[in-house]
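The values are calculated or read from the model by the stated rules, or taken from the named source; none is laboratory data. Please read these numbers as outputs of a predicted model, since none were measured by experiment. Every residue, glycine as well, gets a Cβ built from its backbone with ideal geometry; the counts of neighbours run over all protein chains shown.
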Amino acid sequence: MADRGEIRILGIETSCDETAAAVVARTPEGFGRILANVVRSQLAEHAVFGGVVPEIAARAHVAILDQLIEAAMAEAQLDWSGLDAVAVTAGPGLIGGLMVGLVTAKAIALARGLPLVAVNHLEAHALTPGLTEARRPPYLLLLISGGHTQTLVVKDVGAYTRLGTTVDDALGEAFDKTAKLLGLGYPGGAAVERWAAKGDPERFALPRPMMGREEPHFSFSGLKTAVRHVAKKLEPLSDRDICDLCASFQAAVVESLRDRVDRAMQLFLPMLSDLSAGASDAHPRRPALVVAGGVAANAVLRRHLQDLTKERGFELSIPPAHLCTDNAAMIAWAGAERLVRGLRDPLDTPARARWPLDPAAPPAIGAGVKA
Ligand code: KG4
Ligand code: ZN
């Protein structure tokens, strides 16, 4: 164990199209510090195909991962003897990429006699506020990325209740498909936001999926189809049409999301009083909404979530952008949180393409593979 009882963990992330390695320290009091955080995006390799190609992703991880780990160790100024464990994403994600990360982590663990911690990628997103602002559960998490759209109650490390999930596309995917349809490139979330800034959000009346539904689930594929119909009718599209379509799409997304998160917040509050029962109320805390995932970069969405949380008396916490998107610091941190609780994994731990954080959650009606 390193100085002052701190533990130091190497984290490895290869579940999608970012190859990442990081070293994170955790004090016995539970404070985290990033010693190195290296990410290499494969965007350029996938952009020509308009989406992530699993086989290309796996090969690109193989080509670069060793160098990234070396770079992270050098930046952290550590040699192998300075590490206490190796944490690696074991799922959910693209199986080829996951296997690259896992095999590498297992090899290091075996060669150096270090414990292996197999981390759920979603749990790593969920626990990131512990690293960035020492936030402790319970809190409500909104995870909005290219692959996931969920609201989760983070009750404790390892204890999660899923509230809402998408019944079709993930939110980032809906942005990306809309961008592709309008010829704005891949991934297109940021481009849609840029074009929307110059557009009229009221020109096209697009559906607000799931608005007012009792269950807090999400849906975005109908909205994307509605955009396609409008675009077809308008063809050829002028720049003004594209701006107005992006603005109308974004307005519909934001309104739907706001309603869905509001519903999740209503469901979370009674759970919170149960979770806090018995805890000292010397410092009563406001309920908190934490947002993670690449779509959290969207400024219009952030503004609406700020208004909503203020209205409902919630704190809003959004980790810095580079820790909201995929990275290995969050994997190392989740690994550290597990390790200090005595959790570690055997060297035959498999990669898992699917790995729900809350296995007891009933599938959302109509949900496809993204649930
Ligand atoms: O979390 P992330 O970096 O990667 C994974 O999906 O794992 O999220 C990427 C997603 C993409 O779908 C991208 O289009 C979307 O986040 N995104 C945005 C914005 N910036 C990134 N969506 C809307 N507005 C943005 N400004
Ligand atoms: Zn992610």
task = Report yes if Arg162 is under 19 Å from Pro216 (Cβ atoms), more than 14 Å from ligand 2 (Cβ to nearest atom) and touching a strand residue (DSSP E or B) at 6+ places or on another chain (Cβ under 7 Å), otherwise no.
result = yes
remark   = Residue set Leu43, Leu35; condition surrounded by fewer than 24 Cβ atoms within 10 Å (Cβ to Cβ) and within 15 Å of ligand 2 (Cβ to nearest atom); output residue Leu43
query = In this structure, does Ala71 turn out to be more than 22 Å from Gly294 (Cα to Cα), in a helix (DSSP H, G or I), assigned by TED's automatic domain parsing to the domain that holds Glu337 and hydrophobic (A, V, I, L, M, F, W, C)?
reply = yes
key: Conditions (1) away from ligand 1 (no atom under 16 Å from the Cβ); (2) at negative phi: number failed by Ala134   = (2)
request  = Considering only segment 82-106, state which residues are assigned to a loop (DSSP other than H, G, I, E, B) and either of a type in the set (Ser, Thr, Tyr) or under 13 Å from Ala57 (Cβ atoms) (or both).
outcome  = Gly93, Leu94
query = Does Ala196 fit the bill of being within 11 Å of ligand 1 (Cβ to nearest atom) and in contact with a helix residue (DSSP H, G or I) (Cβ under 7 Å, 6 or more places away or on another chain)?
reply = yes
query = helices (runs of 4 or more DSSP H) wholly in segment 269-341 with at least 3 residues that are more than 12 Å from the chain's Cα centre (by Cα) and farther than 18 Å from Tyr139 by Cβ - which ones?
reply = 299-312, 329-339
remark   = Reported set for segment 236-251 where residues are of a type in the set (A, V, I, L, M, F, W, C) and within 28 Å of the chain's Cα centre (by Cα) is Cys243, Leu245, Cys246, Ala247, Phe249, Ala251
message = Here are the criteria: (1) in a loop (DSSP other than H, G, I, E, B); (2) surrounded by fewer than 18 Cβ atoms within 10 Å (Cβ to Cβ); (3) hydrophobic (A, V, I, L, M, F, W, C). Tell me which single one Ile56 does not satisfy.
response = (1)
task = Please find, within segment 110-126, the residue that is farthest from ligand 1 (Cβ to nearest atom) out of those that are closer than 16 Å to Leu10 by Cβ and in a strand (DSSP E or B).
result = Leu116
task = Find the residue count for segment 323-368, including only residues that are surrounded by fewer than 17 Cβ atoms within 10 Å (Cβ to Cβ), small (Gly, Ala, Ser) and in contact with a Lys or Arg (Cβ under 9 Å, 6 or more places away or on another chain).
result = 1
inquiry  = Looking for something closer than 16 Å to Ala25 by Cα and within 13 Å of ligand 2 (Cβ to nearest atom) - is there at least one such residue anywhere in segment 131-146?
reply    = no
Test: Gly101 is out of contact with any Gly (no Cβ under 6 Å at 6 or more places or on another chain), within 16 Å of ligand 2 (Cβ to nearest atom) and modelled with pLDDT of 95 or more = yes
query = Hey, any hits in segment 7-23 for a residue that's among the hydrophobic types (A, V, I, L, M, F, W, C), in a helix (DSSP H, G or I) and within 22 Å of Pro320 (Cβ to Cβ)?
reply = no
Condition met for Thr89 (within 16 Å of ligand 1 (Cβ to nearest atom) and closer than 20 Å to Trp333 by Cβ) = yes
request  = Inspect all residues belonging to segment 151-161 and state whether any of them is modelled with pLDDT under 95, within 16 Å of ligand 1 (Cβ to nearest atom) and in contact with a Lys or Arg (Cβ under 7 Å, 6 or more places away or on another chain).
outcome  = no
query = Taking segment 175-204 only, how many residues are within 21 Å of Arg303 (Cα to Cα) and more than 16 Å from ligand 2 (Cβ to nearest atom)?
reply = 14
query = If you take the residues of segment 302-322 that are modelled with pLDDT of 95 or more, crowded, with 20+ Cβ neighbours inside 10 Å and of a type outside the set (Val, Ile, Thr), which of them is farthest from Arg286 (Cα to Cα)?
reply = Leu305
